[in-house]
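Asks: One structure is given below, represented as structure tokens, and several questions about it will come after.
Each reported figure results from applying straightforward, stated rules to the coordinates on display, with no laboratory input. As the structure is a computational prediction, the values presented were derived from the model and not from experiment. Glycine also receives a Cβ, built like all others from the backbone with ideal geometry; neighbour counts cover every protein chain displayed.
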């Protein structure tokens, strides 16, 4: 099935959302043979992907359209928005190895964070930024010929990840009606809690987004720490290790959107295949085998 007019916009919210998003785009670029600057890698660097394209007898770029928009000079720009209420995490993207991949308008930051407080993310600080974020999303949506929906990456424990995500999901439901919204959420774990109020933030955001999300894939930090320790032999896993493992899972879930396949070709199909009742939309992602590169 050709992917023309089946675009998805990724919205990465807060520290967890931005860092997972960064890891995901790093992996998507590798899978699609796109360099850090957004241009296709040369054939020698990228033999395998070119072979697949030629073997199928189709234009090699036909799958890029779902997740990337192609500019007039042949650069592939992710259909993504990064939002955080404080600048430090997104500043790392602005100066990091993938700084040329994103347009500056896609990276939106405020000046003070939500301080792990749902109410600040949803009501006070969040309210000041929501219109600017929706405006950027509207611009992304206008560049799509047939928008499928949104992939929202966030954590449940942080103030921005919980409060601002809930506010944005409500507004997306109002402005984009029936468009699908898939969540990729980091659920807090007691062993690796960064704030004592994480359970409150989680309950509040789950309650608010329950009717605005079509399907929510949850990852548990503690489980991912255990996988890194036991399967990948990483003694002290960093956020980088966790995010790259989460990116593998997100990549596997979205592979059917980005490549040719028979199952889960569009976002509504995820709902049809995975969600028994609208409010029970929390499938558990399991991934195997997880083996370190050294083995």
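Asks: What angle, in degrees between 0 and 90 and rounded to the nearest 10, separates the Cα long axis of helix 221-230 from the longest principal axis of the Cα atoms of the chain?
Replies: So the helix axis and the longest Cα principal axis differ by about 60 degrees.
Asks: Further question on the same structure: At a temperature of 10 °C and a viscosity of 1.306 mPa s, determine how fast the chain diffuses translationally according to Stokes-Einstein, using the Kirkwood radius over alpha-carbon pairs as Rh; express D in µm²/s, rounded to the nearest whole number.
Replies: The estimated diffusion coefficient comes to 81 µm²/s.
Asks: Angle check, please: helix 125-142 long axis (alpha carbons) against the longest principal axis of the chain (alpha carbons), in degrees 0 to 90, nearest 10.
Replies: 20 degrees
Asks: Let me ask another. Given Cα pairs under 8 Å that are at least 6 residues apart, what percent is the relative contact order of the chain?
Replies: Computed over the chain, the figure is 21 percent.
Asks: A further question follows. Where does the Debye-calculated log10 I(q)/I(0) of the range 132-278 sit at q = 0.12, 0.16 Å⁻¹, using only Cα point scatterers of equal weight, no solvent?
Replies: Debye curve over Cα of the range 132-278, log10 I(q)/I(0) at q = 0.12, 0.16 Å⁻¹: -0.57, -0.99.
Asks: Using a Förster radius of 22 Å, what is the FRET efficiency between residue 279 and residue 200 based on their Cβ-Cβ separation? Nearest 0.05, please.
Replies: That gives a FRET efficiency of 0.60.
Asks: Additional query: For the range 201-286, count the residues as N, evaluate 2.2 N^0.38 Å, and divide the Cα radius of gyration by that value, please. Don't skip to the answer; put the middle values down first.
Replies: Working: Rg = 15.2 Å, N = 86, 2.2 N^0.38 = 12.0 Å.
Compactness ratio reported: 1.27.
Asks: Rounding to the nearest 10 and keeping the result within 0 to 90°, find how far the Cα-based axis of helix 239-258 lies from the longest principal axis of the chain.
Replies: Tilt of helix 239-258: around 60 degrees.
Asks: Order these peptides, 20-26, 66-72, by their mean beta-carbon neighbour count within 10 angstrom, highest first.
Replies: 20-26, 66-72
Asks: While we're on this one: Based on the mean of other Cβ atoms within 10 Å per residue, sort peptides 274-282, 112-120 so the most packed one is first. Please report the intermediate quantities before stating the final value.
Replies: Details: 274-282: 12.6, 112-120: 20.2.
Listed from highest to lowest mean packing, they are 112-120, 274-282.
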